[in-house]
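Below is one structure; the comments refer to it alone.
The values are calculated or read from the model by the stated rules, or taken from the named source; none is laboratory data. Remember, it's a predicted structure, so these values are computed and weren't measured experimentally. Cβ: placed from backbone, ideal geometry, glycine included. Neighbour counts: every protein chain shown. The accessibility values were calculated without ligands, DNA or RNA, using every heavy atom of the protein model including side chains. Shrake-Rupley method; radii C 1.70, N 1.55, O 1.52, S 1.80 Å.
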Amino acid sequence: MNKLKNKYLLIPMSTAVISLILVIVFNILSGSVNDRLYLDFQKDVANHNISKVSLTDSPKIDVKLKDGTIYKTDNPRTDNFKEDLLSKGIQVSEEAFSYNRDVAPVAVLSLSILTIIVMVIRSSNVTSKSLFSVDTLAADAVEDIGFNFKNVAGNEEAKESVKDVVDFLRNPEKYSSYGARMPKGIILYGDPGTGKTLLAKAVAGEAGVPFYAMSGSDFIQVYVGVGASRIRQLFKKARSHGKAVIFIDEIDAIGKQRESGKAGGSDERDQTLNALLTEMSGFNEKEGIIVMAATNRLDMLDSALLRPGRFDRHVEIVLPDLNARKEILKLHLKNKPIGKINMDDLARKTSYFSGAKLENLVNEAAIIACKSDSKFIENEHIDKAYSIVIAGYEKIDRSNISTKDKSITAFHEAGHALVSLKMLPGEKVSKVTIIPSTKGAGGYTLSIPEDKLYQNKDYMMKKLMVLLAGRTAEDVIFGKDFITTGAYSDFKESTRLVTNMVTQYGMGETLGLLNLSELSNINYNPGNDIVKECKNIINSLYEETKNVLLENKDVLNKLSEKLMDKETLNEAELLEIVK
Ligand code: ADP
Ligand code: ZN
């Protein structure tokens with residue numbers, strides 16, 4: 001792209017050089033030849049060589065000979081000079097001659113220079129827009145987006161959680177007549193390329209409303225205030241349409257958490273964020289405008305953005321599991337000429353691929369098939385494409401997680417699930433997966449715990465065991481020297497829970513029924529004793545968890561095997577293995 005631009009730049013550059021030379025040459029010529037003695041002029045007059053003379057107030061007069069030559073000579077400034085000439089049949093004009101031949105190269109020169117300037121501006125990052133009017137908005141609505149939920153494969157849970165929004169966009173009046181408040185903002189979070197933009201487009205498409213897309217980085221400009229003004233323009237445009245989906249990619253560019261201690265921070269970002277929040281509270285529920293924003297990291301966002309009435313619905317978009325990958329592959333191969341492709345095999349070896357990467361893979365395969373003049377896309381093309389894509393992404397993301405790592409994750413998650421099913425049978429484990437999410441390596445999902453008003457000590461102890469079970473499983477299977485960092489967030493949670501039990505809920509020995517925060521006034525520091533007690537509780541629960549896993553080691557093995565194979569197990573599949 002850049003090379004191309006440089007090539008085009010050569011044209012105005014060379015014309016500029018040529019015309020510059022011409023201008024100089026003409027100037028030299030006009031400077032030397034065109035000044036002649038008055039005597040020569042008189043001679044020309046006598047010889048009837050002259051066709052025209054221009055007589056002005058200047059000290060020189062211009063003379064044009066019959067053969068076309070032009071020269072200057074001194075203005076005699078005599079009273080009857082004009083009459084003299086006229087009587088000799090010479091035309092006299094009182095305007096200076098315009099030297100036509102000089103005008104052409106000068107014009108070309110200026111034109112070339114102008115072109116060069118414009119081209120240089122265009123090719124540099126400063127767009128002409130931002131140069132000439134600092135706050136012109138780039139976003140235009142896409143009216144008929146042509147996307148719907150059929151274009152989004154997998155991610156069923158995410159689709160489910162935005163379906164009501166589609167319905168709301170279709171008839172917001174209905175919702176407002178029930179007094180129902182729809183979220184104004186939805187945050188889609190998850191790894192890059194998992195289809196966040198796609199889902200937002202699908203919402204607009206399904207609802208049949210225009211789609212406005214901008215990126216958070218578009219708002220962060222060199223000039224303070226531009227971002228805020230762009231936000232206002234964006235909303236104004238969207239509102240002028242009535243209903244709309246406004247999509248802001250990379251919302252973290254404007255809504256990143258303010259670093260504590262660094263007061264002030266970036267003025268531009270704060271102004272932009274404030275403008276966004278103001279606009280969002282500005283429109284009411286009846287209007288049918290939904291703001292969808294995407295980010296890779298939900299935990300990086302400023303909490304001001306996440307409060308009720310703002311982006312209060314958070315939808316996680318996860319990497320596709322085996323089945324979802326198969327669907328995504330099918331979707332992208334649908335309109336392509338395909339031979340006998342082994343879809344299952346392909347879906348299996350693309351674990352941890354994002355949707356975007358799968359699409360990329362299919363596209364590479366199509367290119368390779370086309371290059372080799374094959375009628376169809378075949379397995380061999382896919383294989384080649386696979387190597388290319390893998391190499392291209394190596395080290396950047398998780399796609400080359402080794403089987404060993406995968407197996408560690410499988411045992412870790414199987415441990416959580418198994419201990420939960422054994423110790424807390426009243427609680428539903430709706431899903432176990434080894435597909436990483438933004439929250440951690442793998443993931444198991446507990447759906448709503450048993451319905452009860454209070455959590456009792458027994459429940460909390462068992463809950464602690466479930467939290468510990470991931471690490472315990474690693475320990476039991478791979479040995480204590482091979483435990484991993486995968487339990488990081490489990491331990492954060494278990495530590496919080498056990499300290500609360502000992503210091504807030506009156507369930508420990510050290511403080512008994514005293515509440516630690518209320519004790520802060522008196523000079524008593526039980527810190528180390530509390531830590532010791534919490535540690536003892538956790539240690540004995542860890543041993544207990546270990547026993548549960550050892551007693552059920554064959555189930556643990558079976559669970560992790562199945563997880564390795566299918567990557568995600570739903571509730572029914574889980575129960576079948578465990579029972
Ligand atoms: P994100 O916004 O999460 O970075 P995109 O929505 O831009 O990801 O996805 C990029 C491309 O990847 C999409 O245009 C689509 O072709 C493909 N893709 C990603 N996820 C899916 C999916 N679930 N189903 C089908 N295609 C997908
Ligand atoms: Zn865990």
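At-a-glance table
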item: Highest-first arrangement of 467-473, 34-40, where packing means the average Cβ count within 10 Å; result: 467-473, 34-40
item: Derived scalar couplings ³J(HN,Hα) [the stretch 80-93; Karplus, 6.51 cos²θ - 1.76 cosθ + 1.60; whole Hz; x for Gly, Pro]; result: 9, 4, 5, 4, 3, 5, 4, 5, 9, x, 9, 6, 10, 10
item: Nonlocal amide H pairs with residue 339, under 5 Å, H built at 1.01 Å; result: 377, 378
item: Computed log₁₀ I(q)/I(0) - Debye formula, equal Cα scatterers, no solvent, the stretch 322-391, q 0.26 Å⁻¹; result: -1.26
item: Residue 281 accessible area, 1.4 Å probe, all protein chains in place, Å² to nearest 10; result: 80 Å²
item: Whichever lysines have a C-alpha closer than 17 Å to that of residue 201, once near sequence neighbours (fewer than 8 apart) are set aside; result: 150, 159, 163, 184, 243
item: Whole-percent carbon and sulfur share, accessible surface of the stretch 322-391, 1.4 Å; result: 50 percent
item: Within-11-Å neighbourhood charge of residue 338 [Cβ basis; K, R +1; D, E -1]; result: +4
item: ³J(HN,Hα) computed for each position of the stretch 537-543 - Karplus, 6.51 cos²θ - 1.76 cosθ + 1.60, integer Hz, glycine/proline x; result: 4, 4, 4, 6, 5, 4, 4
item: Solvent-accessible surface ranking, highest first, for 370, 534 at 1.4 angstrom; result: 370, 534
item: Under 5 Å, built H, 5+ apart or other chain: amide partners of residue 292; result: 186, 246, 247, 248
item: Reachable aspartates and glutamates from residue 336, criterion Cα separation under 13 angstrom, eight or more residues apart if same chain; result: 359, 364, 378
item: Exceeding the 28 Å Cα-Cα cut-off - candidates 334/357; 375/406; 196/406; 326/558; result: 375/406
item: Accessible area in the full protein assembly, largest first, 1.4 Å probe, for 152, 142; result: 142, 152
item: Net charge of neighbours whose Cβ lies under 14 Å from the Cβ of residue 469, counting Lys and Arg as +1 and Asp and Glu as -1; result: -3
item: 9 Å beta-carbon shell around residue 190, net charge (K/R +1, D/E -1); result: -1
item: Ordering of 344-353, 198-207 by burial proxy (mean other Cβ atoms within 10 Å per residue, highest first); result: 198-207, 344-353
item: For residue 92, distant residues with modelled amide H under 5 Å away; result: 53
item: Candidate lysines - alpha carbon under 27 Å from residue 535, same-chain residues fewer than 8 apart omitted; result: 422, 439, 457, 462, 463, 480, 492, 546, 553
item: In sequence order, calculated HN-Hα J values of the stretch 178-195 (Karplus, 6.51, -1.76, 1.60; Hz; x Gly/Pro); result: 8, x, 7, 9, 8, x, 7, x, 10, 9, 9, 10, x, 4, x, x, 8, x
item: Projected label distance in nm at residue 539 and residue 95, using a 7 Å step from Cα toward the beta-carbon; result: 10.7 nm
item: Percent of Cα-Cα distances greater than 14 Å, calculated over the stretch 496-541; result: 44 percent
item: Segment residue 454-residue 391, extension gain: residue separation times 0.36 nm, minus the distance between their alpha carbons; result: 17.4 nm
item: Cα-based Lys pair tally, the stretch 30-75, threshold under 13 Å, eight or more apart or on separate chains; result: 5
